[in-house]
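The structure under discussion appears below in the form of structure tokens.
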Amino acid sequence: MKAMSFNIPNWVIIAGGIGQIFTALIYPYIRHRVFDWYNDVKQLKPLNQEIAKTYGRYIQGLNFSFGLIAIVMPEDLKNQTNLAVAITGLVALYWIGKVATQFAYYPMYQIPQKPIFKIGSYGMNFLFGFFAVVYALLLAHNLSGRF
């Protein structure tokens, strides 16, 4: 008996892709304006400064790349192949991990209380949750074709 399958519309995947590219593009602004990240990084030893900047670029690059894949290849992300399972599993775990980290650790810290930053924080949290749900659903869909 084959598991029940469901269809995730391409527009949902593409919307997630646009959102991921948005997060990649807005990331430097958030680090600079909201978190004053660059001044904090300057307090690190030079090698640690470069490591922190490199990991920041990795995050930005991954978000952009995941978005581009979603926009260009939405059908391939749900075709139930081994690669679709691997990619959607990777991206689902990435965003689920981000959401878990966001809620487990970030509430201990204060963001500036300007209305734009408060609204932005709700918007970003919504996007992170949306990405986690979309990719978890894609993974579930892809796995449903395996059993």
* Residue in the range 126-147 that is modelled with the lowest pLDDT, counting only those that are surrounded by 15 or more Cβ atoms within 10 Å (Cβ to Cβ) and among the small types (Gly, Ala, Ser) -> Gly145
* Structure fact -> Condition set small (Gly, Ala, Ser) and in contact (Cβ under 8 Å) with a residue 40 or more places away in the chain, scope the range 122-139, selection farthest from Ala86 (Cα to Cα): answer is Ala132
* Could you tell me which of the residues Phe35, Phe22 is aromatic (Phe, Trp, Tyr), surrounded by 12 or more Cβ atoms within 10 Å (Cβ to Cβ), closer than 28 Å to Phe117 by Cβ and modelled with pLDDT of 95 or more? => Phe22
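Among residues belonging to the range 38-60 that are under 18 Å from Phe128 (Cβ atoms) and not small (Gly, Ala, Ser), point out the one that is farthest from the chain's Cα centre (by Cα).
Of everything passing the filter in the range 38-60, Tyr55 is farthest from the chain's Cα centre (by Cα).
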* To do: Could you please let me know if Lys98 is within 12 Å of the chain's Cα centre (by Cα) and among the basic types (Lys, Arg)?
  => yes
* To do: Filter the range 32-46 for residues that are touching a helix residue (DSSP H, G or I) at 6+ places or on another chain (Cβ under 7 Å) and touching a residue at least 40 places away in the same chain (Cβ under 8 Å) and give the result.
  => Val34
* How do the pairs read when you match residues in the range 4-25 that are in contact (Cβ under 8 Å) with a residue 12 or more places away in the chain and closer than 13 Å to Met73 by Cβ with residues anywhere that are among the acidic types (Asp, Glu) and surrounded by fewer than 17 Cβ atoms within 10 Å (Cβ to Cβ), using Cβ under 8 Å and keeping only pairs 6 or more apart or on different chains? -> Asn10/Glu75
* Asked: If you take the residues of the range 69-125 that are under 18 Å from Arg31 (Cβ atoms), of a type in the set (Phe, Trp, Tyr) and loosely packed, with under 14 Cβ neighbours inside 10 Å, which of them is modelled with the lowest pLDDT?
  -> Tyr109
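The values are calculated or read from the model by the stated rules, or taken from the named source; none is laboratory data. Computed from a predicted model, the values in this text were never measured in an experiment. As a convention, Cβ positions derive from the backbone with ideal geometry for all residues, glycine included, and neighbour counts pool all protein chains shown.
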